[in-house]
Protein chains: 4
Amino acid sequence: MIDVGIIGASGYTGGELLRFLSKHPKVEIVAATSRKYAGKPINRVHPHLQDLELEFSDVDIDNIDADLIFTATPHGASMKIVPMILEQDIKVVDLSGDYRFDDIETYEKWYGIKHEGPLDAVYGLPEIYRDKIKNAKLVANPGCFPTGAILACMPLVYEKLAETFIIDSKTGVSGAGIKPTSVTHYPNCSDNVIPYNVTDHRHTPEIRQELSREHPVNVSFTPHLVPVIRGILTTVHTFLKEDLTPKELESIYAGFYQGEPFIKIIEEGEMLRLSAVRGSNECHIGCFEIDDNRRAVIISTIDNLVKGASGQAIQNMNIMFGFDEKTSLDIPAVHP
Amino acid sequence: MIDVGIIGASGYTGGELLRFLSKHPKVEIVAATSRKYAGKPINRVHPHLQDLELEFSDVDIDNIDADLIFTATPHGASMKIVPMILEQDIKVVDLSGDYRFDDIETYEKWYGIKHEGPLDAVYGLPEIYRDKIKNAKLVANPGCFPTGAILACMPLVYEKLAETFIIDSKTGVSGAGIKPTSVTHYPNCSDNVIPYNVTDHRHTPEIRQELSREHPVNVSFTPHLVPVIRGILTTVHTFLKEDLTPKELESIYAGFYQGEPFIKIIEEGEMLRLSAVRGSNECHIGCFEIDDNRRAVIISTIDNLVKGASGQAIQNMNIMFGFDEKTSLDIPAVHP
Amino acid sequence: MIDVGIIGASGYTGGELLRFLSKHPKVEIVAATSRKYAGKPINRVHPHLQDLELEFSDVDIDNIDADLIFTATPHGASMKIVPMILEQDIKVVDLSGDYRFDDIETYEKWYGIKHEGPLDAVYGLPEIYRDKIKNAKLVANPGCFPTGAILACMPLVYEKLAETFIIDSKTGVSGAGIKPTSVTHYPNCSDNVIPYNVTDHRHTPEIRQELSREHPVNVSFTPHLVPVIRGILTTVHTFLKEDLTPKELESIYAGFYQGEPFIKIIEEGEMLRLSAVRGSNECHIGCFEIDDNRRAVIISTIDNLVKGASGQAIQNMNIMFGFDEKTSLDIPAVHP
Amino acid sequence: MIDVGIIGASGYTGGELLRFLSKHPKVEIVAATSRKYAGKPINRVHPHLQDLELEFSDVDIDNIDADLIFTATPHGASMKIVPMILEQDIKVVDLSGDYRFDDIETYEKWYGIKHEGPLDAVYGLPEIYRDKIKNAKLVANPGCFPTGAILACMPLVYEKLAETFIIDSKTGVSGAGIKPTSVTHYPNCSDNVIPYNVTDHRHTPEIRQELSREHPVNVSFTPHLVPVIRGILTTVHTFLKEDLTPKELESIYAGFYQGEPFIKIIEEGEMLRLSAVRGSNECHIGCFEIDDNRRAVIISTIDNLVKGASGQAIQNMNIMFGFDEKTSLDIPAVHP
């Protein structure tokens, strides 16, 4: 049994952490902080958690008693508190972008924020870094788009079968967070498709960094907002360096992800769709079609709030504490 | 550990039974039948159940080996097989309308189907009939609209505080089943609201029967299709026979449903919404407002596929076999 | 040819006024004001009006040169400027609630705003007040819910066939205006139904006032937000004082609205739906079903931004200036 | 004044032809055929056309009296009737794929239908073939995806600035037609994104043919179904052969489409979205961003039922008969 706290528990990722942790048999939630809602019952903000008898509390960083803290805080805010938490010998899974980059310059350029200084963090993609995560004190939980994109590209990078990736992603609106804006206003984004940050999205350098560890690859990334609550469908267009059949392509992926508890390889010919992962921590990868230009299409689907954020954070926690990786995450998606 | 079979497992209610049962610690799924998909893996039809290594089988009623069968079969089909299952000393939870009515005449009039003959069935609304369900061999699982409507009206009926109920329901499209029709075709029902069976819906006599057990009440029921996948929000308009404050009204409901594991009384002033029950077996009841015509408004929300169908069916099974009523159903809703 | 200005042109009703007026053969748009966007092209805010070569201007009430002004300003703001416009001998169609009430007390009670003083205004529902509108200097354009509700109830009131009306409305999200809020945030209201102001909506006294002109009737009104961009579907539940057949009911409505250019009586048995009026100035009225409690159901549909706001405002303008009432409004709905 | 008939008037493209033609000042609709609904009023199928007093008729190809016929018939059906219509000296705009291809082999390979024999047809994209359309007897109306894709790519092809195009399209569900299927069933496609025919969509060779007229280019095309009623947003990813700034790219497009009545160049930095063309015949083209891999992104938006089908068909008719090209199509989009 471990004691766990959530800093920044009133947003969507906070809500998802609470949804899973409240049913985790080895976790006691000792704090769920929110400056705005301190003293109010959790279910005033997260109406689906009626059973959770817990109130939001105010943050008191210097005085936390926990084994692990999830920092579901904005970019730039995490780096102000994470060092203080680590000093108290508490492990951290940080859901912001603050500790995802190898070099501070890239972060500062793309986020436009002066960095407070690097820390020894592990990039929290278990399918790639499981062994390092086991012993990490600080895990930088991946961004939502990078999770879907890296998982869809990595086997081809690893096998040196492709080096140019055009990544066209379609994301649900919850990815924009809980704060209402003109773009997320229902009449503006319902029945609509809205491309944004077409060539300059912050997740681009994160995807590049991870895919280029062995040798540099070209990554072009473009996200679109679609009228969906949850989910990211990522369409990877890439040009194969060798002639392959779809079945060969499929088996490369099946081999690479063999034994992975949350990766499901969807057979060539079967349909991919967001509803098949809605609310779950699974990542589906499939399509494997190749056209006469030797362009291959690989498609991945995740729930941006789960495998793309809070579910993956809990998966990392499970690894860090030696729990079964699926604990509390072994819930099927909600389809339809 | 009990052996459970599902007859008619390829529809939405079949998918929901499988979603919950596949994680039920005391259940082994021994059969999931589908004539159309016999021999195919479950996940070809239910893409969210990738982990479920099971194939659809063909029905062989005479040769079932199970402790309980869920018959998720159409109205008229259930009564052809339920007697044969019961004869083999297997318990049944029937999700059709075939065994919900006290008198066959009402059924035949509203369903337009000749009935094969009544059986000793218990109406499976645990909040009202828990004790009878415990010992039932055949449970008639309530309709989706009746579940939301009866739970929202019953305390007022019981307290003799009202006798005329205008029930205006808004249902998600999954309530129409998995079979595509012109009405459920996305371009026709998205961004739309469509009233249907405005005064002659089959669930009207079912609601009437249950609310009129003690003394007759007037029930007027009108459903509307709204562009939502799951959920029924039921707005009950009724005229109170006494002056009451909203708080008094709320406390009547809180008292009536005290200790119920799946009923959540939403405080007067708090918002009700479908997402707070999406994917879960909860029924939220609230609003409790009263206008200057002494009209009271009570609102309930359920997920039509869960508390309105498969979740309630499993709740009934849990009661029938003495399991904790929440087993496998203790999963929070997915909001947003 | 008349000169027309719009005060408050950057909201949804402003956009709709511009959509129709820009194609009106007898209107020149001389001003479209917006403090926030003054100097910017209209199409930066209204992206569907790419052909409209016009910029937002700042408001200068003392110095307007126009034949008519639409005040698409918030409640409380209209009454600060409308008297000044009328003094310059310019006609006004006001889209706020400021001049809709016979008595200031009702307004002040329900809107919580101190009124600046009444003016001689005509309630702008052409189907009821066409003759008065012809000579009006100030037209108070009706609220969106009242438009759909009054049109659906009036024939029964007029014929003294009913005196208790339970009005259950379902509205699209654009009715909440262009300003984003937590409720209109896509992840919160998509795939959802949200009742609000269940017994205390400001449109209640407006509906009551109009339906009670001849003799008092009981009006209970409850609105719900549904995941639809445009449209209000109003379900009127009422108890008939006489036995009538659906066909008799239908013919009462057909007679009452005979010759009305924008009212379409939908035959009993035909489906009503929002898409059939989407983007158009029509109001469809139908259903006409009666159950065994002598409850009749009448359903109306409008586009809240058109017949419920800007379209009706232009219809009023057409009447005030002797134009054909359908000028610029004779555009079919967009279905699907 | 010309007499116009529609063969196949009960589908969505038939409904859109009727929506515009019913308000066309130079057109009389002499026939709207539907075998299924012959004898029924148009508004039973197209509920938004309440004012249109016309009934569906049965087809009698040998006995048509019209100046032009729109054949809104399925692929394979058009080629059985178009020759017979042309023989009666009646012009035809065919909305199927039957006459879009230069060589029959390509058609037969991709459509899997034996062709009845080629005819002298003009590909009906006015922005490219306006002069030929003027004198055409038979216009092959372009496919919906090709319209958006070709218009977005052509200036770069014409200027020889790119030769590899990865076209990632997102389409509304009405593109699948009026016939309900499992994929278009609301619970299956709402809140979802579904890629389909990822490398083998029939519109691929049509796009290739038109873009490769001068010199061959590589076209890779992938469509996705998104939960939108109308609209196609096409994201073109291409690699520029020269260094260009976004502004230079924008001005190439502005120059190429100068004077085009329905093409709107959206300034670099402004957002593209489907609602800005919803219900209208416009095609918006913009984005013009270039990343550090010299990948340029061009985005186009159309309403698939209007510029992607019926609106363009009427635009072609207007050109064929010397009418102002915008006649009856000069209606702004419906946003929000």
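Does A:ASN304 count as assigned to a loop (DSSP other than H, G, I, E, B) and closer than 30 Å to D:ASN218 by Cβ?
The answer is no for A:ASN304.
Out of all the residues in the stretch C:259-283, which are within 9 Å of chain D (Cβ to nearest Cβ) and more than 17 Å from C:ASN316 (Cβ to Cβ)?
C:LYS264, C:ILE266, C:GLU270, C:MET271, C:LEU272, C:ARG273, C:SER275, C:ALA276, C:VAL277, C:ARG278, C:GLY279
Conditions tested, residue by residue: (1) of a type outside the set (A, V, I, L, M); (2) more than 26 Å from D:THR171 (Cβ to Cβ); (3) in contact with a strand residue (DSSP E or B) (Cβ under 9 Å, 6 or more places away or on another chain).
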site: A:THR238; (1), (2), (3): yes, no, yes
site: A:ALA254; (1), (2), (3): no, yes, yes
site: A:ASN293; (1), (2), (3): yes, no, yes
site: A:ASN318; (1), (2), (3): yes, yes, no
site: A:ASP324; (1), (2), (3): yes, yes, no
site: A:ILE331; (1), (2), (3): no, yes, no
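Given (1) within 14 Å of chain A (Cβ to nearest Cβ); (2) at pLDDT 95 or above, identify the lone condition not met by B:LEU244.
Of everything listed in (1) within 14 Å of chain A (Cβ to nearest Cβ); (2) at pLDDT 95 or above, B:LEU244 misses just condition (1).
I'd like to check something: does the stretch D:52-67 contain any residue that is within 22 Å of the chain's Cα centre (by Cα), within 14 Å of another protein chain (Cβ to nearest Cβ) and in contact (Cβ under 8 Å) with a residue 12 or more places away in the chain?
No, the stretch D:52-67 contains no residue that is within 22 Å of the chain's Cα centre (by Cα), within 14 Å of another protein chain (Cβ to nearest Cβ) and in contact (Cβ under 8 Å) with a residue 12 or more places away in the chain.
Would you check if there is a residue in the stretch C:109-120 being free of Cβ contacts under 8 Å to residues at least 40 places away in the same chain and within 18 Å of the chain's Cα centre (by Cα)?
The answer is no; no qualifying residue exists.
Counting just the residues of the stretch C:187-199 that are farther than 17 Å from B:PRO336 by Cβ and touching a residue at least 24 places away in the same chain (Cβ under 8 Å), which one comes out farthest from the other protein chains (Cβ to nearest Cβ)? Full working, then the answer.
From the stretch C:187-199, those farther than 17 Å from B:PRO336 by Cβ are C:195-199; that's our starting set.
Pick out the ones that are also touching a residue at least 24 places away in the same chain (Cβ under 8 Å) and you get C:195-198.
Working: C:PRO195: 6, C:TYR196: 7, C:ASN197: 9, C:VAL198: 5 Å.
So the residue we want is C:ASN197.
When you scan the stretch B:89-106, how many residues do you find that are in contact (Cβ under 8 Å) with a residue 12 or more places away in the chain and under 18 Å from B:ARG202 (Cα atoms)? Give the steps one after another, and end with the answer.
Narrowing the stretch B:89-106 to residues in contact (Cβ under 8 Å) with a residue 12 or more places away in the chain: B:90-102, B:104, B:106.
From the residues that got through so far, the ones that are under 18 Å from B:ARG202 (Cα atoms) too are B:94-102, B:104, B:106.
Summing the residues that are in contact (Cβ under 8 Å) with a residue 12 or more places away in the chain and under 18 Å from B:ARG202 (Cα atoms) in the stretch B:89-106 gives 11.
Which count do you get for residues in the stretch D:289-326 that are without any contact (Cβ under 8 Å) to a residue 40 or more places away in the chain and within 12 Å of chain A (Cβ to nearest Cβ)?
Residues that pass the stated criteria total 2.
If B:ARG19 meets every condition in (1) at pLDDT below 95; (2) under 14 Å from B:ALA9 (Cβ atoms) apart from one, which number is that one?
(1)
Does D:GLY112 satisfy being small (Gly, Ala, Ser), surrounded by fewer than 16 Cβ atoms within 10 Å (Cβ to Cβ) and not assigned by TED's automatic domain parsing to the domain that holds D:GLN258?
Judged against the criteria, D:GLY112 is a match.
Determine whether the stretch D:278-296 contains at least one residue that is more than 29 Å from C:GLU16 (Cα to Cα), of a type in the set (Gly, Ala, Ser) and open to solvent by less than 10 Å² (accessible area, probe 1.4 Å).
yes
Limited to the stretch A:61-106, what total is found for residues that are surrounded by 18 or more Cβ atoms within 10 Å (Cβ to Cβ) and at pLDDT below 95?
Looking only at that region, the number is 1.
Could you list, in sequence order, the residues of the stretch C:158-205 that are surrounded by fewer than 18 Cβ atoms within 10 Å (Cβ to Cβ) and of a type in the set (Ser, Thr, Tyr)?
Listed by number, the residues that qualify are C:TYR158, C:THR164, C:THR181, C:SER182, C:TYR196.
Output yes when any residue across the stretch B:4-16 is over 16 Å from B:ILE314 (Cα atoms) and away from every other protein chain (no Cβ under 14 Å), and no when none is.
Checked against the condition, which is being over 16 Å from B:ILE314 (Cα atoms) and away from every other protein chain (no Cβ under 14 Å), the stretch B:4-16 yields no hits at all.
Mind checking whether some residue in the stretch B:170-192 is touching a His at 6+ places or on another chain (Cβ under 7 Å) and not assigned by TED's automatic domain parsing to the domain that holds B:GLU282?
No - not one qualifying residue is present in the stretch B:170-192.
How many of the residues in the stretch A:27-50 are within 14 Å of another protein chain (Cβ to nearest Cβ), crowded, with 17+ Cβ neighbours inside 10 Å and not aromatic (Phe, Trp, Tyr)? If you could, list the steps in order and put the result at the bottom.
Looking only at the stretch A:27-50, we keep the residues that are within 14 Å of another protein chain (Cβ to nearest Cβ), and these are A:29, A:36-37, A:40-50.
So of that shortlist, the ones also crowded, with 17+ Cβ neighbours inside 10 Å come out as A:29, A:37, A:42-43, A:45-50.
So of that shortlist, the ones also not aromatic (Phe, Trp, Tyr) come out as A:29, A:42-43, A:45-50.
Here the count works out to 9.
Is it fair to say D:ILE229 is at the interface with another protein chain (Cβ under 7 Å from one of its Cβ atoms), free of Cβ contacts under 8 Å to residues at least 60 places away in the same chain and either in contact with a Gly (Cβ under 6 Å, 6 or more places away or on another chain) or open to solvent by 10 Å² or more (accessible area, probe 1.4 Å) (or both)?
So D:ILE229 passes the test.
Which ones in the stretch B:285-317 are in contact with a helix residue (DSSP H, G or I) (Cβ under 9 Å, 6 or more places away or on another chain) and polar (S, T, N, Q)?
B:SER300, B:THR301, B:ASN304, B:SER310, B:GLN312, B:GLN315, B:ASN316
Just a yes or no: is a residue in the stretch A:141-157 open to solvent by 30 Å² or more (accessible area, probe 1.4 Å) and either more than 26 Å from A:ASN318 (Cα to Cα) or away from chain D (no Cβ under 14 Å) (or both)?
The first filter runs over the stretch A:141-157 and keeps only residues open to solvent by 30 Å² or more (accessible area, probe 1.4 Å), leaving none.
No.
Give the stretch B:300-333 a look and list any residue that's open to solvent by less than 10 Å² (accessible area, probe 1.4 Å) and more than 23 Å from B:ALA66 (Cβ to Cβ), or say none.
B:SER300, B:THR301, B:ILE302, B:ASP303, B:ASN304, B:LYS307, B:GLY308, B:ALA333
The values are calculated or read from the model by the stated rules, or taken from the named source; none is laboratory data. As the structure is a computational prediction, the values presented were derived from the model and not from experiment. Positions of Cβ are generated from backbone atoms using ideal geometry, with glycine treated the same way; all protein chains shown enter the neighbour counts. We work out accessible area using only protein heavy atoms, side chains counted, and drop any ligands, DNA or RNA first. Shrake-Rupley method; radii C 1.70, N 1.55, O 1.52, S 1.80 Å.
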